[in-house]
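Throughout, read-outs are computed from the coordinates displayed, never taken from laboratory work. What you see is a predicted model; the values in this text were computed from it and never measured. All Cβ positions, glycine included, derive from the backbone under ideal geometry; neighbour counts span all protein chains shown.
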Amino acid sequence: METMSGLQGALGGVLIGLSATLLMALLGRIAGISGILSGLIFDRGGDSLWRLAFLLGLVSGPGLLMLSGLDWGNVAGDDAALIGTPASGSTTMLVAGLLVGLGTGLGSGCTSGHGVCGLARLSPRSMAATLVFVLVAMLTVYVSRHMLEGAV
Amino acid sequence: MKVLAGYLAGLLFGLGLAISGMTDPARVIGFLDVAGSWDPTLIFVLGGAVVTTFSGYRLVWRRPAPLLETRFQLPTRRDLDVRLLGGAAFFGIGWGLSGYCPGPAVASLPGLSWPLLMFLVAMMSGWWLARRGE
């Protein structure tokens with residue numbers, strides 16, 4: 001069971017890597033989700049069409065798997081599900097979403113742009129950013145799950 | 001062709017997120033929860049993605065330019081600043097609170113719920129705010 005989830009993780013990771021490679025090979029762009037999507041919403045210029053197409057592709061990946069009825073998901077404790085349920089209520093999600101948007105906007109990237117593409121480019125900025133957001137996220141989980149115990 | 005390229009890259013990315021289980025915030029929080037019952041899945045996802053991208057980029061960069069554009073657009077800065085590290089810290093708090101980063105949040109749209117919708121709207125507001133400060 002645990003081995004299977006690790007294997008699915010690695011396979012999914014390879015697909016994400018192929019996506020990043022394809023975007024670089026064809027369009028010469030970094031596959032950073034926060035950059036692509038915030039650019040789609042707020043930038044005007046020649047990039048809107050491929051960014052919109054990327055967004056449709058991103059959503060249709062899990063969407064097509066759901067429609068096809070393939071249980072290829074890796075949701076913890078539910079083999080048939082492809083998409084997990086949010087663990088927090090709307091208020092926490094509102095605060096978290098704002099921090100994720102503000103943080104990835106100011107820090108010029110998220111898990112994909114810094115974590116995947118940046119580490120693969122051996123960029124010092126991305127390595128530092130990835131180290132910071134992973135450690136701060138671990139600390140946040142520690143405080144909210146073990147010190148405040150479900151208060152958040 | 002550029003639109004097709006964008007769609008295919010997005011599709012692969014979305015399939016990767018769903019198959020790896022990153023569309024499940026419980027998996028992500030399980031990885032971040034080092035003091036709880038630790039879930040290593042995210043390490044395999046990140047490892048698979050970084051190794052593939054590292055190799056793929058080096059193959060791709062043997063050519064002078066991408067196939068459908070005139071040049072590669074890569075970040076050139078190498079210095080660290082408060083904006084980068086402070087932004088990463090804000091992002092880390094939000095990621096830890098919810099278990100969602102931007103990719104999985106958007107890829108989870110086929111299973112939309114109220115909390116997820118709140119997250120997505122707030123995330124777009126955050127992007128807007130970050131741009132206002134420029």
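Taking DSSP loops as anything outside H, G, I, E and B, show the longest stretch in chain B free of trypsin sites (Lys or Arg not before Pro) there with at most 10 other beta carbons within 10 Å.
B:1-61
Under the 0.36 nm per residue contour assumption, what length would be gained going from the current alpha-carbon distance of residue B:112 and residue B:51 to full extension?
18.8 nm
Working note: 222 nm ellipticity from helices only, DSSP H runs with n ≥ 4, each -39,500 (n - 2.57), summed and divided by the residues of chain A, gives -21000 deg cm²/dmol to the nearest 500. Annotation for the range A:1-51: trypsin sites (Lys or Arg not before Pro) lying in DSSP loop with at most 15 further Cβ atoms inside 10 Å of their Cβ are A:44. Spatially, the range B:1-48 and the range A:53-71 are offset by 14 Å when compared through their Cα centroids. Secondary-structure-derived ellipticity at 222 nm for chain B, considering helices only, amounts to -21500 deg cm²/dmol, per-run term -39500 (n - 2.57) for DSSP H runs with n ≥ 4.
In this simple spin-label approximation, residue B:121 and residue B:81 carry label points 7 Å from Cα along the Cα→Cβ vector, and these lie 3.3 nm apart. Along the range A:14-23 the Karplus relation, 6.51 cos²θ - 1.76 cosθ + 1.60 evaluated at θ = phi - 60°, assigns HN-Hα couplings of 4, 4, 5, x, 5, 4, 4, 5, 4, 5 Hz to successive residues, with x for each Gly and Pro.
Run the numbers on chain A and let me know its relative contact order in percent, using alpha-carbon pairs under 8 Å that are six or more apart.
Value for chain A: 22 percent.
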